[in-house]
Structure formats: structure tokens, C-alpha cells
1. Suppose we filter the stretch C:55-69 for residues that are buried (at least 18 other Cβ atoms within 10 Å of the Cβ) and either farther than 15 Å from C:Ala143 by Cα or facing another protein chain (nearest Cβ under 7 Å) (or both); how many remain?
2. Can A:Ala273 be described as out of contact with any strand residue (DSSP E or B) (no Cβ under 6 Å at 6 or more places or on another chain) and more than 14 Å from C:Asp64 (Cα to Cα)?
3. For a quick check of your reading: which helices (runs of 4 or more DSSP H) sit entirely within the stretch A:332-408 and have at least 1 residues that are surrounded by 24 or more Cβ atoms within 10 Å (Cβ to Cβ), in contact (Cβ under 8 Å) with a residue 60 or more places away in the chain and hydrophobic (A, V, I, L, M, F, W, C)?
4. For A:Leu108, state whether it is surrounded by fewer than 18 Cβ atoms within 10 Å (Cβ to Cβ), within 21 Å of C:Pro68 (Cα to Cα), in contact with a Ser or Thr (Cβ under 7 Å, 6 or more places away or on another chain) and of a type outside the set (Phe, Trp, Tyr).
5. If you scan the stretch C:133-145, which residues turn out to be part of a helix (DSSP H, G or I), under 21 Å from the mean Cα position of the chain (by Cα) and farther than 19 Å from C:Ser46 by Cβ?
6. Can you name the residue in the stretch A:89-131 that is among the aromatic types (Phe, Trp, Tyr) and modelled with pLDDT under 95 and is also nearest to the chain's Cα centre (by Cα) among such residues?
7. Which residues, taken from the stretch B:185-235, are away from chain A (no Cβ under 14 Å), small (Gly, Ala, Ser) and in contact with a Leu (Cβ under 9 Å, 6 or more places away or on another chain)?
Amino acid sequence: MKKIFEIFLGILTAFGGFVDIGDLVANSETGARFGMRLAWVVILGVIGIVIYAEMSGRVAALSKRGVFDVVRERLGARWALVNLLASFFINFLTIAAEIGGLALVIELVTGINYLLWVPLLGIAVWVVLWKMKFSIMEKAFGLSGLAMIVTAVALWRLDPGLGNTFSAMRHFGPTPDETWATYGFFAIGLLGAAMTPYEVFFFSSGAVEEHWTKEDLNVNRANVYIGFPLGGLLSLAIMGASATVFAPRGISVSHLSQVGIPVSLTLGKVGLAFLLFGMFAAIFAAAIETSLSAGYTVAQFFGWQWGTFVRPRQAARFHLVVIVSMLGAVLLALTTLDPIKITEYSIVLAAAALPLTYFPILVVANDPTYVGEKTNSKALNAVAFAYLVILLVVAVATIPLMIITRGGA
Amino acid sequence: MRLTDLLEARLFDVEGVDLGTIRDVWLVQDGPPIGPFGAALRVERVVAGSTAIGSRLGYERASMTGPGPLAAFFHSRHAHGVSATWSEVSALEEGTLRLRLPAGELERPESIEEVQGHAAGLVISAGLDLLDRQLVDPEGLMAGNVDDLELELRDGGPPEVVAILAGPGALARRLGGRLGAWMAAAHDRLKDPDQEGPARISFGVVAGIGSQVDLTVGREELDTFEFERWVRDHVIAKSPGS
Amino acid sequence: MTLRPRRRLLWRGSILVAVVALGAACVAPARTAAAYEGKAADSASSAVSALRTAILAAGLGGADRSFPPTVSVLLSEAEEDADATEAAFSSIQPPDPVSDQIRAELEPMLIKASKRLALLRIAARRADLGALPRLAQPIERLAGKLERFAQEHAA
């Protein structure tokens, strides 16, 4: 009975924690601009993250090695360093985006300019990270994130039965007034938002943090196979609400404030309160996760002790990296660079960098010296390999599309 | 001598034909005893050529069968690779390894399982099983990575692995180029003046190797701990609740 | 095989990304009438987006379906967007007399949009949410006009 409750809690935590600032921005912007024509990318991305997270969770549980341990062991120090620099930079952008996003949410509640909140929130995130126990932190914020389900309720009110939403999903390709290049560029952003690398760094390191063993693999699978797709449905709800309210009015989404309009329209202040609360919690969790990921990646590359499962003084360099990264991210946010713009760049670059970390994990998930008898099945390998190809295509296409569309303008 | 002197060296046969860059070095555990680890590891052969990347990824083993296309690709290419046992080596110079035989007389490359079949001890791939692995102390705390290996040539026999080299001093040489030089210079300036060269962990304190390398000494006693100690004392200890 | 070629690639890649990032922020000149017309259409669309967002926000504020600070932020951002659109468009040099006409038609509409949105923002910041629907009434006509303009001149 306790085990079932644990699994249930894990699923809800994964569900509530799935959506972060990247998903909010990507799904709202895409819904407003392309209706539901890119919904298939969200589905593609969710399947991708499920495969990726399950493999890295399994590897971490059975070998006690986090993602970057594996990256370095398989690719060697040089390639792993290139990998580290790229991953660290993108992760750094993501931290800035999440902290900026938090500040924007507080601005919506108080009316006071977001820049004033950035340093305070940076400190708040760090304090929670420093003091709160890992599993409590994850559950508290993950479950609170579930408040964003009001978006799904709002969509139901806007489009009862979801008839319009579903039929809109069947259209493929850009609308007549948009180009395939922009369509492709937004697709890459959506994919990057759904499959963000930091989620995997955090997930696999978390498996070691929580001392997972072979017995926990099924809990891992439940969280991932059920929790993440539910999170994906929430992403689609955000896209659908945006599509229903904004697309017909010619409104393009470029501010976080607009994301709350569909919920306000249908559910008034109560709905909006739930949404803002949920957004705050989920983005806060993401800020913690990306900050820790900065430490995980660097520490795992160099072989330093990492993790919140040891006292801070036992993992001094790890915590130093986390602090420095957060400080840098706060400074970046304080340059008044629009957090939404930072988010847009972080998700697109994240998509482009995915093969770097996905490939070693795919190889190691097949290595009996790491995972014993629990290597990938043939079916899983077939799908996982197909994804490797997809991710390589995405990686190659990203910079050209970024140039052609001038950053999705 | 370091392992990186062998890896990345170019392999030439007796006629001077370039056989490619050495990508991996296989070790056999058949040397003199060296502490809890048992017999020391000695160089058995080098694997060269572009196909040897598969060795680094682990596709040398028959047990690595997935994903299908990758495994098939690397397994098929292995037959076209070059591998030479240490007895076929005549000289090691700056960046090159010369063989005593022409390329045509080298034996067909075997898989690591085949080599294990007729070897006197455990056969491992230095690149895959030893290099870049996490070092863990008896308390389960992480103590760095295997950044390089120190090899010693003994009485005309194959080089023996005598120590693990860890930390920026060793990593600098692996990375090479300007970045490596910068890292080496920084390490020289910041390290303990008594310590010569990179942090060295004698193989005598290695308990075993698997998905990690287990040590018999606590990490605080290793040279690699210096930087961690400094950060701990000067930065982290100052923060409340550490 | 040294790291140098790969590091150079990494440097070049980073610089490229930075250039693209900056490039997306800058407004390039329009050298042909067609390019100018395209930019005019884009500017009109941006203005429509800001105006329609403001209409929604005003409706929410007036019906007490949102919080005053939220409405305030929505309207401030809409006004900023409209101002930025007008500033960017007016800074583009019209290449020929045909473009002058386009400018003459669009520019006043953009300025009007900014002005109307400013009034909304002022009322919202004063927490005078009740006044918002009344102030928002004339905006839909302007939005419609701009939308038709954008459709007529679309690329």
C-alpha cells in the first residue's frame, strides 16, 4: 500500500514539475502563432524525454553514475569537455531564464518591476537549495505545480469537448502567412522545451541522490511513463488555450502576462491565482534543478564529490560551482535582457545540444557492465536510435534556421 | 611514461607505413603483485586506426549488441582495424610508436573476449575500463577521476601500470593545446610546492575496478584533495549550516 | 588530433550565435519597396497584437476577472510594444515615393495606437479598472483598420 502511494506521489511530482518557463513560453507562443499545427512536436518531445529519462535513470540507479560521468567515460576527456562547455553554457542561460521567469510572475502579482525581484529570488532559490532536503523539495514544488491544471480546465471551458482543438491538430505545416523555416524553428524550440537536458542531468543525479537501486526501477518507470506524458498534456493544454484565445485575434505572445489571459477569461481571479501559484512553484523547482545541474555536470566531469545527499562541506567545489552559476545567472538577468528572449534562446540551443549527452547514455544503457541484465530491449533500441537520428537532424538544422528566421521573428 | 604518451601516438610499421593513431591500449593483469588489487596491469597491445573508436565506446565486446545499427557498424569495422601486441613494438619515440614487423605480418585483430581467452590474467581496455573512471574512497566519497595512468618500463618487458594520475596536472596533458597548457601552468602555480608533477595515486591503494575505481585510502589523504580542502575551508565553511 | 580545431569551431560557433542574437534585435534597412511594404505589414501586425491584448486586458479588468497589478502589467507591456513598433517603423528609411505613401498611411495609426494604450495604462496604474472598458471601446476599430492594412500589404 505504501509502495502504491509512493508511486502515485512520484507520478504527481513528475507531472507537476514537468512544465517550466521554457514550456510556458514555447507552448503559448506556438499556440498563438501556429494554432495546434505543431502539437505533434510536443508529443514527439514527450516520448523523447520519456525514453531519455528512463535510460539515464536506469543507468544511474544500477551503476551510481550520473549523466556526465557517463559522457566522460565514453567520449573521453576532450570531447566530454566540449560537451561540458556547451551544456554548461546552455544550462546557465536556462537558470537565468527560470529566475527571470519567477521575477515576472511576482511582477504580475505585485505590479512592481521584475528586475527588483531578480536578486531576491536568486537568494531565495539558493536558500531552499542549501537547506531543504532533496526529496521534500522535489515533492513540495512538484505537487504545487499541479495548480497549473487550471489551464486544462480553462481550455475545456473555451472549447467544450475539445472538438476544435483536436481537429486543429490534424493540420500539418505552417499557415499560409508563415514560412516552413519559421515552422521548423518553432518546432525545434518546442522540442528543446520538452526535452531539456537539465531535466535529465537532474533526474539521473537525483537517482543517485535518493540512493535508488534495482528495486526502485519500477518507480522510476512509473514516474517517467505516466508522469511525463501527463506533463505533456498540460503543455498541450497551454498551447490549446493560447490557440483558442490568441490565434483568431492576431495576438502573438511575447510576455508572460499574456499566458494568464485564457485562464482569467474563463475562471476569473480564482483561476488566475491558481495559475500564478502553480507557475511560481514549477518555475521555482526548475530554477533549483538547473542550478544543481550546473554543479552536477561540472563535478561529474572532474570527478569531484557532488550532491545534496552529503553535507555541503563534503562537496565544497560542487556547491561553489552552483553558487557561482546562480550568481552569474542573476547578473545576466539584471542586464535587463528580456527573460522571455533568454528563454527562447535557451530552448533552441538546448535542442541543438541534445545529441551530445543523449548518445553516450544510449550506448551505456546497452552496456551490461553498467546496467547488468537490464539493457535496452530491441524495441526500445529501435525507437531510441530513431530519436538519435532525429536529434542529429535537429542539431544540424538549428543554427541555419535561427539565421534564416532571424531568431523566430 | 604516461598512458597519454601511447594514446594519440601514431603507429608505424617497420617500413614506415602509417597505420593510424592509437586509440586504445589493452592491459592484462599478469605483472608482479601490487597490493590489494593483486597482480599489476601491463600493456598487452595497442589498437589503432579510425575503427578503434568503437573500442572506446565498448563495442569491442560481443556483449554490446545495441543499438543495432551502431553495434553492427562497429563490429563489422573491427576486422579492418590494426592491433599490435607489445612484443611487436620496437621503439617508442616522441608521438610515434614503431613496430618490428611490416603491417601485412600483423595478426588479424581479435576481440577483447578472444584475447581474454588465451591471456594469463584479466584483460581490460585502458581507455574504456580505467581512464576517466570515478575514483571512490572506502567511505563512498568521490575522489576524482582517473585522468591518466603512469606506466613504468621494466627490464625490457611491457610497461606496467604503477600509478593513477589525477587532477588538473594530469588532465592538462590529456586535453592538450592551449587550454591544456594554461591548465598545467595554473596547476603548477597553485599546487603544493613539495608535490612534483600531477597528483599521483599509487596503484597499490587500488582495491578494485568496476563501474568505478575503489581505493583503500580516504580521499583526504590524496594530493587531489588539496583544491577541495581549500574551497571547503575558505568558501563553504563560511556559509551558515554547512 | 589536438583540441585546437574543435576549440576554434566552438569559438566560431559561439560568435555566430551571438551575432545572430544581436542581428535579430536590430532592424535592418529596407532597400526595396517590397521589403518596406513587408516591414509595414509586420509593424501593423505587431500593433494589432498589442491592441487586441489590451482589449482583452481591459475587459478582464472591468469585469473584475483579473488582479489590478496583472492588468496593469498587461497594459504597460502592450503600450511598450506599440511604442517600440512605432519607433522601429518610423526609423526605417522609405526607399521610394510609393513607400512614402505607405508610411503616411501607417504612421498615424501606429501613433494613435500608442496614445490610446497610454490612456489605458494610466487608468490601470491608478487602479481605475472601471474606466477601462470605456477607454478600450474605440480600440477595436483601430485594430481592425490595422489588421486590414497588414493583410493588404502582406508579403
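1. 9
2. no
3. A:339-364, A:378-404
4. Spelling it out, it is not the case that A:Leu108 is surrounded by fewer than 18 Cβ atoms within 10 Å (Cβ to Cβ), within 21 Å of C:Pro68 (Cα to Cα), in contact with a Ser or Thr (Cβ under 7 Å, 6 or more places away or on another chain) and of a type outside the set (Phe, Trp, Tyr).
5. Hit for the stretch C:133-145 is C:Leu135, nothing else.
6. A:Trp126
7. Correct list: B:Gly197, B:Ala207.
Conditions (1) at pLDDT below 95; (2) crowded, with 24+ Cβ neighbours inside 10 Å; (3) within 29 Å of B:Val213 (Cβ to Cβ), marked per residue:
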site	(1), (2), (3)
A:Val263	no, yes, no
A:Ala273	no, no, no
A:Phe280	no, no, no
A:Gly303	yes, yes, yes
A:Gly307	yes, no, yes
A:Val310	yes, no, yes
A:Phe318	yes, yes, yes
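The values are calculated or read from the model by the stated rules, or taken from the named source; none is laboratory data. Note that the coordinates shown come from a computational prediction; the quantities given were computed from them, not determined experimentally. Please note: Cβ atoms are built from the backbone with ideal geometry, for glycine as well, and neighbour counts cover all protein chains shown.
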